[in-house]
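Here's the structure we're looking at; comments come further down.
The values are calculated or read from the model by the stated rules, or taken from the named source; none is laboratory data. Quick caveat, the model's predicted, so the values are computed rather than measured. We place every Cβ from the backbone using ideal geometry, glycine too, and count neighbours over all the protein chains shown. SASA here: full protein model, heavy atoms, side chains in, ligands and nucleic acids out. Shrake-Rupley method; radii C 1.70, N 1.55, O 1.52, S 1.80 Å.
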Amino acid sequence: MYNLNYVEPVFRPPSEWKSLILQVTNGCSWNKCTFCDMYTQSQKKFRPKSQIDLEQELQTVAQSTMPVKRVFLADGDAMTLSFRRLKAILEAIHKYLPGVQRVSSYCLPRNLNNKTVEELRELQELGLRLMYVGCESGDDKVLELVEKGETYQSSLAALNKIRAAGMKSSVMILNGLGGSKYLEQHAINSAKLMNDGQPDYLSTLVVSFPLGDQRFQENFKGDFQPLQQTELFREMKIMLETLELEKTIFRSDHASNYLVLKGTLGKDKQKLLNTVKAAINKPGTIPLRNEWERGL
Ligand code: SF4
């Protein structure tokens with residue numbers, strides 16, 4: 001193991017479990033989304049780490065015998081750093097860990113506003129290959145209510161920029177984010193955003209509030225009714241019906257999901273839809289996660 005100076009807690013996408021987590025920033029520069037408690041503790045106030053400190057950590061890792069092939073830049077939106085800083089970080093990774101094949105990061109759509117496609121392409125050539133974009137929804141009303149600070153158009157612009165730079169995108173949509181009232185428009189507009197953006201990967205997880213939902217409920221002014229299990233499936237059905245993806249790896253297998261869905265869209269669209277319909281119409285015929293198995 002490496003002895004790195006993490007400010008806990010540290011989060012990463014599930015698929016980065018084998019990666020070196022390099023905490024180039026602490027916290028999230030936005031930190032306002034009402035459904036997110038990841039960086040609300042006082043020690044997680046946003047702050048970039050200095051290049052000198054990062055290089056010392058990379059040296060420590062380089063001295064260990066464990067080979068590093070992948071690096072994930074933490075925390076919540078490392079892509080908020082300037083092009084100049086990201087370039088220096090990627091060059092340092094290459095210098096100390098020449099075996100690294102892929103660097104990835106969470107990316108807020110607005111993180112890309114101050115970077116040109118040419119600059120992003122340069123970062124891609126230096127190893128930055130995958131952006132995890134938490135779109136959460138494609139519906140502007142829902143995005144406003146949860147204070148994401150993004151819109152359908154800003155999210156789409158980021159997905160297009162990522163593709164133009166030759167990077168891959170992995171998008172997260174939050175099942176249940178609009179509650180009962182916005183179920184349909186959340187499902188349809190999220191699917192439309194995906195159709196326009198054609199991400200390489202798409203995942204969904206069920207919105208949950210392990211630390212309570214008080215902050216989240218305030219903006220809904222009493223209008224937020226959490227989705228029950230069958231409503232979650234109905235939202236997923238509408239989204240799948242609307243999705244017109246060409247070659248996107250789809251995963252709905254996070255511990256928060258009752259129903260595990262995996263496939264490639266569009267090839268597996270009908271198969272996945274049949275599974276969701278069976279979960280709605282023929283309860284008991286499709287295996288579901290028990291409440292206690294949902295690691296929230
Ligand atoms: S941008 Fe991401 S990390 Fe930051 S508050 Fe929103 S969901 Fe949390």
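When Leu22 is tested against (1) away from the ligand (no atom under 12 Å from the Cβ); (2) part of a loop (DSSP other than H, G, I, E, B), exactly one condition is not met: (2). Among the residues here, Ser203 does not qualify as out of contact with any Asp or Glu (no Cβ under 6 Å at 6 or more places or on another chain), of a type in the set (Ser, Thr, Tyr) and more than 17 Å from Leu261 (Cα to Cα). Check the range 83-92 and report whether any residue there is touching a residue at least 60 places away in the same chain (Cβ under 8 Å), outside any loop (DSSP other than H, G, I, E, B) and under 29 Å from Asn189 (Cα atoms). So far as the range 83-92 goes, no, none of its residues is touching a residue at least 60 places away in the same chain (Cβ under 8 Å), outside any loop (DSSP other than H, G, I, E, B) and under 29 Å from Asn189 (Cα atoms). Taking the range 148-200 as the range and being within 16 Å of the ligand (Cβ to nearest atom), open to solvent by 10 Å² or more (accessible area, probe 1.4 Å) and of a type in the set (Val, Ile, Thr) as the test, only Thr151 passes. All conditions but one from (1) more than 15 Å from the ligand (Cβ to nearest atom); (2) farther than 30 Å from Gly178 by Cα apply to Pro14; the one that does not is (2). Kindly indicate whether any position in the range 242-257 is over 29 Å from Arg102 (Cβ atoms) and surrounded by fewer than 18 Cβ atoms within 10 Å (Cβ to Cβ). Yes, there is a match, as at least one residue in the range 242-257 is over 29 Å from Arg102 (Cβ atoms) and surrounded by fewer than 18 Cβ atoms within 10 Å (Cβ to Cβ).
All of (1) in a helix (DSSP H, G or I); (2) among the aliphatic types (A, V, I, L, M); (3) more than 16 Å from the ligand (Cβ to nearest atom) hold for Met79 with one exception: (3). Can you find a residue in the range 128-140 that is under 17 Å from the mean Cα position of the chain (by Cα), aromatic (Phe, Trp, Tyr) and under 22 Å from Phe216 (Cα atoms)? No. Going by the structure shown, is Asn31 at positive phi, open to solvent by 20 Å² or more (accessible area, probe 1.4 Å) and in a loop (DSSP other than H, G, I, E, B)? Considered against the rule, which asks whether it is at positive phi, open to solvent by 20 Å² or more (accessible area, probe 1.4 Å) and in a loop (DSSP other than H, G, I, E, B), Asn31 comes out as yes. Looking only at residues that are in a loop (DSSP other than H, G, I, E, B) and open to solvent by less than 20 Å² (accessible area, probe 1.4 Å) in the range 96-142, which one is farthest from the ligand (Cβ to nearest atom)? That would be Leu97. Within the range 264-283, identify whether any single residue is farther than 30 Å from Gln41 by Cα, modelled with pLDDT under 90, of a type in the set (Lys, Arg) and surrounded by fewer than 16 Cβ atoms within 10 Å (Cβ to Cβ), and answer yes or no. Yes, the range 264-283 has at least one match. Exactly one residue among Arg70, Arg85, Arg12, Arg47 is open to solvent by 30 Å² or more (accessible area, probe 1.4 Å) and touching an Asp or Glu at 6+ places or on another chain (Cβ under 8 Å), and that residue is Arg70.
For Ser203, the criteria (1) open to solvent by 10 Å² or more (accessible area, probe 1.4 Å); (2) at pLDDT 95 or above; (3) of a type outside the set (A, V, I, L, M, F, W, C); (4) over 16 Å from the mean Cα position of the chain (by Cα) hold in every case but one, which is (4).
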